[in-house]
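Worksheet for the structure shown next.
Nothing in this text is a laboratory measurement; each read-out follows from the coordinates by a stated rule. Computed from a predicted structure; not experimentally measured. No Cβ is skipped: glycine too gets one built from the backbone with ideal geometry, and neighbour counts run over all protein chains shown.
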Amino acid sequence: MHCLRSSGRGLGGGSPRAGVLSSAAPQAPAAPARPHLSWHSHGRTAPASASAAAARAPFARGSDELDQDVTLRRWLAEHGGYVHPAIVITAATQCGSRGLVAAEDIGLAALESGGASGLVVVPRHLHLNNGAAVAAVAPHLAAQERRQAFEGQLGQLQQVACLLAVERAKGSDSFWMPYIRTLPPAPPNPWLLHGAGLAAALEQVAEQGAAAAAAAAAAAADAAEEEEAEGAEAAAAGRGGWGAAVEAARVRYGLLADEALEVLGGREAAALGVDREGLLWALGMVVSRSLGSGRSSGLLPYMDMANHHHRVRPPLMMLDEQDRVVFALTSIRDGELAPLAAGQELFLNYGAEDMAPLKAWLKWGFVPDCGDAAPQQQ
């Protein structure tokens, strides 16, 4: 889940729950250099339409789930985004992890009539990314040295995690709260687990059989080609199994949290409501959910609720008819528009198959499966 590309191209990276359909992720044809989005549908009353669609959906949703969905799509619409009325957030998915599901049929004609606008559209200014983090957090640091360190020393992951932790601490006063309240209580990363929870996660990945064992060996063999920190995790897997790799990752992310807290400074961190526990939570969320590339990486509200599928394409970075940059997600499979029947998921390709299984597991909590199996839990 992490590669933003240029206008009209796909985004990879982020936080998948995985649903895999076939052996290799085909490359979808490149979009035109300057596609224009059709915004005619933005005039719909999305929350009411979503509620109406939910009433006809082939699955039930709890009141909290429905309220979070309606509130988030209303917030998105108020700030220039769009969600198709038939797309809803629900745990009624193949893997049991929340995803985006069609509450009623979305046929080919509907996809074609929507042009390039997509089923979910998020404007660039709602990309909770490193640029937004520098703009929002750095001014609260009194010392110029700390402001410079926040922008120049910390990595994008740490910057976005700081912003997410700050906004979460604000509670209902946060501009981002309609999005933050939809995030799960705990990120899916194994390195945040302990005791029985970690044992269960290790048992689950072990049940995937010889492929997981082979992946650990391959990851260890490739350690020299990895970045130094991530190579240490792969090497640990080779020496002591995936449990050792979890501990290595726990140390690495703990050091990232400590560095960020040192840059913020004790007084400023306390004033912003940021502590080590909250920052580790935020790091896990950003690691497992972010979409972006070299210069801009972060979280895309609503869109990052989609589960992973290797035969679909990443979101597109496009220009709308007013030349505003937006991110658009529609139902495309194997390079073709793919109608959704009621109950089917709208997937997103986070690029999980592009990395070693151990690295993917530490990042998202599952080992990518390129077969036509059911989705894997995050």
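Can you list the HN-Hα couplings for region 117-133, worked out from phi with the Karplus curve (6.51, -1.76, 1.60; θ = phi - 60°), rounded to whole Hz and with x for Gly and Pro?
Each residue's phi maps through the Karplus curve to give 5, x, 7, 9, 10, 10, x, 4, 6, 9, 7, 6, 10, 5, x, 5, 5 Hz.
Can you tell me the equivalent ellipsoid semi-axes for region 323-369? Use √(5λ) from the Cα gyration tensor, largest first, whole Å.
Each semi-axis is √(5λ); the values are 25, 16, 10 Å.
Translational diffusion coefficient of region 294-356 at 20 °C, 1.002 mPa s, Stokes-Einstein with Kirkwood Rh over Cα pairs, in µm²/s as a whole number.
163 µm²/s
Hey, any idea what Rg/Rh is for region 67-170, computing Rh the Kirkwood way over Cα pairs?
1.11
For labels at Asp258 and Gln148 in the simple 7 Å Cα→Cβ model, what's the distance in nm?
2.5 nm
Grab the beta carbon distance between Arg276 and Ser296, set R0 = 22 Å, and tell me the FRET efficiency rounded to 0.05.
Efficiency computed from Cβ-Cβ geometry: 0.25.
What is the set of long-range amide H partners of Leu299 at a cut-off below 5 Å, with H atoms built 1.01 Å from backbone N?
Leu128, Asn129, Leu291
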